[in-house]
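Values in this text are rule-based calculations from the coordinates and carry no lab data. Since the structure is predicted, the reported quantities are computational estimates derived from the model, not experimental observations. A quick note on method: Cβ atoms are made from the backbone with ideal geometry, for glycine too, and the neighbour counts reach across all protein chains shown.
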């Protein structure tokens, strides 16, 4: 081998080693353990309100009556505001619910309407009166078909962390139709006993107690003195006061409302997911009412609960903050 070739080869070998060795050191010293969530561009929750969710009701109309417009705005809102899950307060499928977990309405009124990536999180539903038109249990069974539809039973509860240090929110989902109409075969008294016990057994770290059902206890809509309103008020008011339930969230009236009658519980109606009904101003226990398409957005920390009512154009119609 000629001397110049030997020198050239030696130099290249040294140069390669000088490059590779630092890279190996760098790679070895900086091993990462990234998960998909770490790389996601999802909106991070405000430190002031670490737990957030959207509430919508009375929506399932094949995208008509501005259901699709509300759904699109929900998607835009959840894409720019932190959101952990969606609550549906019933009347999920008009006019008579679904006949099975394979009913085409699942696609026409749900899957093909709430299509935004930001709405692919867990949905926690309750049933409304229209959902009882055919097979109410089909909506429970659909939980095994859909990843995001989470309805383990006709009534159920969930404890959800506010954050790692601030305790929990207790959400109790009830089935109001059998209570209102006293369906003996569905044992409404058994459900009320379960509600009483679930609230009574709430752990000490539960900061907020929120009950979700379809029928409102109070309203300034057309059903202000209707049988179903009076019936559910009689059944629930004592339990709510006994256990200091902070919020009762419902639908049935096709509007957005905040109501505060005597007692501890604030009541919110988020039933403006499609068709609208009228509201009446001037009732003393009503703090807000709007017959506008839209949804509600709840934000929670250990000491405060903020509620926004948002219409189908993305405008915030109302905001209130409850304090413990």
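The label point for residue 323 and the one for residue 183, both projected 7 Å from the Cα toward the Cβ, are 4.3 nm apart. Compactness of the stretch 145-227 was expressed as the Cα radius of gyration divided by 2.2 N^0.38 Å, which yields 1.29. Straightening the chain between residue 100 and residue 224 buys 41.3 nm, computed as 0.36 nm per residue apart minus the Cα-Cα spacing. Note: relative contact order over the stretch 156-304, using C-alpha pairs below 8 Å and six or more positions apart, is 21 percent.
Full extension of the segment from residue 206 to residue 146, taken as 0.36 nm per residue of separation minus the current Cα-Cα distance, would add 18.7 nm. Reported value for the stretch 105-259: 139 Å³ per residue, from the convex hull of its C-alpha atoms. Entry note, the chain: the mean residue ellipticity at 222 nm calculated from DSSP H runs of n ≥ 4, each adding -39500 (n - 2.57), is -8000 deg cm²/dmol after division by the residues and rounding to the nearest 500.
Across the stretch 46-323 the C-alpha pair distances fall into 10 Å bins from zero in the proportions 7, 32, 39, 20, 1 percent. Secondary structure note: in the stretch 46-323, about 60% of the DSSP beta bridges are antiparallel. The label-point distance for residue 32 and residue 108, in a model that sets each label 7 Å from Cα toward Cβ, rounds to 4.7 nm.
Dividing the mean sequence gap of close Cα pairs (under 8 Å, 6+ apart) by how many residues the stretch 46-323 holds gives a relative contact order of 21 percent.
Per the Debye calculation on the stretch 181-297 with a single equal scatterer at every Cα and no solvent contribution, log₁₀ I(q)/I(0) for q = 0.09, 0.16, 0.17 Å⁻¹ amounts to -0.25, -0.77, -0.85. Taking the stretch 140-167 and a reference point 7 angstrom along Cα→Cβ of residue 193, no backbone N atom is nearer than 16 Å.
Put simply, when 303-312, 271-280, 159-168 are sorted by average Cβ atoms within 10 angstrom per residue, most first, you get 271-280, 303-312, 159-168. Which residues in the stretch 200-216 have a backbone N closer than 12 Å to a point placed 7 Å from the Cα of residue 285 along the Cα-to-Cβ line? Counting only backbone N, you get 216.
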